[in-house]
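Engineer: Quick one: this structure, given as structure tokens, is what I'll be asking you about.
The values are calculated or read from the model by the stated rules, or taken from the named source; none is laboratory data. This structure is a prediction, so every number in the text was calculated from the model and none was measured. Cβ placement follows ideal geometry from the backbone for every residue including glycine, while neighbour counts extend to all protein chains displayed. When the accessible area is computed, the model is the full protein with side chains, heavy atoms only, and any ligands, DNA or RNA have been set aside. Shrake-Rupley method; radii C 1.70, N 1.55, O 1.52, S 1.80 Å.
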Amino acid sequence: MEYLSLVMFLIVCLTLLLGYPVAYTLAGTALIFAGVGALFGVFDTAYLHAVPSRLYGIVTNQTLIAVPLFVFMGVMLEKSKVAENLLVAMAQVFGRLKSGLAISVVLVGMLLAASTGIVGATVVTMGLLSLPTMLKQGYSPSFATGAICATGTLGQIIPPSIALVLLGDVLSSAFQQAQLNMGIFSPESVSVGDLFIGALVPGMMLVAMYLLYVVLFANRHIDKAMGDEHRETQASISLAGALLPPLILIFVVLGSILGGFATPTEAAGVGAAGALVLGLVQRQVDWDKLREVMLSTTRVTAMIFLILIGASIFSLVFRGFGGEELIEHFFEQLPGGTFSAVLVVMVVIFLLGFILDFIEITFVVVPIVAPVLLAMGVDPIWLGIMIAVNLQTSFLTPPFGFALFYLRGVAPANVQTTQIYKGVIPFIIIQLLLLIGLAIWPDLVTWLPSTL
């Protein structure tokens with residue numbers, strides 16, 4: 001009977017590859033298997049009695065209220081030309097360097113990641129604003145597209161990140177479940193704020209590694225004659241005027257969380273209000289644009305919650321078929337113990353990242369494997385950051401990396417898809433090196449949360 005859980009998981013993956021909606025696929029497949037299993041007496045329908053309480057717990061979850069607020073903040077900043085002003089200002093600062101525009105792209109991508117937390121929005125925005133300019137200044141298409149895709153995915157790891165909010169909620173439940181399974185009836189907790197703090201050092205390390213690569217290798221990818229011919233003078237804009245508003249907003253949101261003055265949900269509310277005020281002050285928001293932002297926020301939020309509901313039903317049926325015990329037994333039989341178990345999970349998540357979005361992986365895969373790994377003594381904050389960096393890497397990996405699709409949709413027709421694939425390979429290697437570094441030195445993740 002336990003193997004039916006794995007069959008169900010494989011059918012879900014195959015159905016998703018056929019293009020069916022994620023939420024309906026998860027819930028529908030699980031309920032069909034539960035019905036057939038109950039008919040043949042191999043599934044206890046008592047597990048389905050927990051569905052109403054699960055759904056009620058989702059819609060009343062205080063942590064998940066941060067999702068629509070952070071989405072609103074990100075979409076509002078995207079529409080208010082914050083990215084455009086930042087890119088122009090940074091290009092002025094680094095314009096004298098031959099790799100100045102590439103450096104500007106990385107730094108602006110970092111700031112957008114810290115202010116929006118939405119990968120798709122950052123990649124599309126940077127692709128529209130900076131890719132044509134980089135090509136005119138002589139950058140090779142592969143280098144330019146690789147830099148834009150890679151910096152766009154920083155929103156996965158640099159807080160406030162939607163991915164970390166969702167991971168934090170899932171890992172919190174998994175950590176408590178793991179402790180209860182171990183007989184600890186006053187369990188410790190892990191919060192979204194802990195993941196935010198743990199992500200700061202790895203996020204800054206990744207930005208530094210990107211910058212180092214750009215500084216060392218950008219000149220090899222610039223057609224100097226073409227660059228001199230097409231070098232443009234950017235419109236003058238005050239550096240302080242472009243940098244201060246988003247920096248103040250980032251400082252208020254992250255500073256309030258890190259300082260313990262506000263929960264992530266409360267800070268998300270401040271960030272959403274601040275982004276709206278920023279758009280109004282810069283006269284970039286009218287009723288039509290506000291309506292567009294609110295509709296976009298509603299669509300994204302509804303999608304996330306619907307997937308979460310489907311994933312909750314799936315996890316209940318998976319557990320009812322004994323899937324959790326099967327995975328626990330599999331991990332116990334692996335040679336190498338905890339190290340092998342974590343390695344297998346990381347490889348599986350990396351491969352699933354080719355075909356599934358981070359939301360599906362967070363809601364489907366993590367609740368299945370996390371309780372078992374946490375019961376084996378793995379630190380929950382370290383595990384969360386490892387998963388986040390891993391998912392960020394899968395965003396870039398050809399041929400199904402979502403960041404590649406986002407950029408392909410806005411890139412000029414003369415930029416070939418193979419050039420985009422070629423350009424991201426060095427950045428994938430950089431991210432894998434970071435992942436290996438975090439595995440060897442877990443303190444890079446756990447030191448700051450334990451200190452604060």
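Engineer: Order the following by accessible area, largest value first: 44, 379. Probe radius 1.4 Å; ligands, DNA and RNA are ignored. It would help to have the intermediate numbers written out before the result.
Structural biologist: On the way: 44 85, 379 65 Å².
From most exposed to least exposed: 44, 379.
Engineer: Just the number, please: Stokes-Einstein D of region 319-418 in µm²/s, Kirkwood Rh from C-alpha pairs, 25 °C, 0.890 mPa s.
Structural biologist: For the chosen part, D equals 164 µm²/s.
Engineer: Once every DSSP H run of n ≥ 4 in the chain is given -39500 (n - 2.57) and the sum is divided by its residues, what mean residue ellipticity at 222 nm do you get, rounded to the nearest 500 deg cm²/dmol? Write out the running numbers ahead of the final one.
Structural biologist: Values: 21 runs with 337 residues, N = 452.
-24500 deg cm²/dmol, from helical runs alone.
Engineer: Another question about this same structure. How would you rank 60-73, 201-214, highest first, on the average number of other Cβ atoms within 10 Å across their residues? The partial results should precede the final answer.
Structural biologist: Details: 60-73: 21.2, 201-214: 19.1.
Ranking, from highest mean packing down: 60-73, 201-214.
Engineer: Ratio of alpha-carbon Rg to the 2.2 N^0.38 Å globular estimate for region 321-375, to two decimals, please. Display every interim value, and only then the final one.
Structural biologist: Values: Rg = 11.3 Å, N = 55, 2.2 N^0.38 = 10.1 Å.
So the Cα radius of gyration is 1.12 times the expected 2.2 N^0.38 Å.
Engineer: Roughly what would the spin-label model give for residue 247 and residue 212, points 7 Å off Cα along C-beta, in nm?
Structural biologist: 2.5
Engineer: Here's something else I'd like to know. Output the Cα-based Rg and Dmax of the chain in Å, rounding Rg to one decimal and Dmax to a whole number.
Structural biologist: 22.4, 75
Engineer: Cα-based count: Lys pairs in the chain below 18 Å, eight or more positions apart or different chains? List each step's numbers first, then the result.
Structural biologist: Details: 79/289; 81/289; 98/136; 98/224; 136/224.
So the count of such lysine pairs works out to 5.
Engineer: Report the FRET efficiency, 1/(1 + (r/R0)^6), for residue 6 and residue 294, where r is their Cβ-Cβ distance and R0 is 56 Å, rounded to 0.05.
Structural biologist: On the way: r = 42 Å, r/R0 = 0.74.
So, using R0 = 56 Å, E works out to roughly 0.85.
Engineer: So, with +1 on the Cβ of K and R and -1 on the Cβ of D and E, and no other charges, what is the size of the charge dipole of the chain about its Cα centre, to the nearest 20 debye? Let's see the in-between values first.
Structural biologist: Details: 16 positive and 23 negative charges, 272 e Å.
Taking the Cα centre of the chain as origin, the dipole is about 1300 debye.
Engineer: Quickly rank 356-366, 317-327 as a protection proxy: mean count of other C-beta atoms within 10 Å, highest first. Spell out each step's value before the answer.
Structural biologist: On the way: 356-366: 23.4, 317-327: 20.9.
Packing proxy ranking, top to bottom: 356-366, 317-327.
Engineer: Heavy-atom accessible area per residue, the chain, 1.4 Å probe: how many Å²? Please report the intermediate quantities before stating the final value.
Structural biologist: Working: 19380 Å² over 452 residues.
Accessible area per residue: 43 Å².
Engineer: Do any GluC sites (Glu not before Pro) in region 1-92 lie in a loop, going by DSSP, with at most 16 other beta-carbon atoms within 10 Å of their beta carbon, and if so which?
Structural biologist: Details: sites: 2, 78, 84; in loops: none.
When the GluC sites (Glu not before Pro) of region 1-92 are filtered for loop state and at most 16 Cβ neighbours within 10 Å, nothing remains.
Engineer: Mind checking the angle between helix 162-181 and the chain's longest principal axis? C-alpha axes, 0 to 90 degrees, to the nearest 10.
Structural biologist: 30
Engineer: Given axes a ≥ b ≥ c from the Cα gyration tensor, I'd like to know whether region 269-369 is rounded (a/c under 1.5), prolate (a/b larger than b/c) or oblate.
Structural biologist: Working: a/c = 3.89, a/b = 2.54, b/c = 1.53.
Cα axes put region 269-369 in the prolate bin.
Engineer: At 0.36 nm per residue, minus the direct Cα-Cα distance, what do residue 440 and residue 46 gain on full extension? Give it in nm, one decimal, please.
Structural biologist: Details: separation 394, 0.36 × 394 = 141.84 nm, distance 4.34 nm.
Extra length from residue 440 to residue 46 when fully extended: 137.5 nm.
Engineer: If one computes the Cα centroid of region 127-189 and of region 373-452, what distance in Å separates the two points?
Structural biologist: Cα centroid to Cα centroid, the span is 7 Å.
Engineer: On to the next question. Any idea what the alpha-carbon Rg over 2.2 N^0.38 Å comes to for region 1-92? Before the final figure, lay out each step's value.
Structural biologist: Working: Rg = 21.4 Å, N = 92, 2.2 N^0.38 = 12.3 Å.
Cα Rg divided by the expected 2.2 N^0.38 Å: 1.74.
Engineer: Given a 1.4 Å probe and every protein chain left where it sits, what share in percent of the accessible area of the chain is carbon and sulfur? Spell out each step's value before the answer.
Structural biologist: Working: 13070 of 19380 Å².
Percent of accessible area from carbon and sulfur atoms in the chain: 67.
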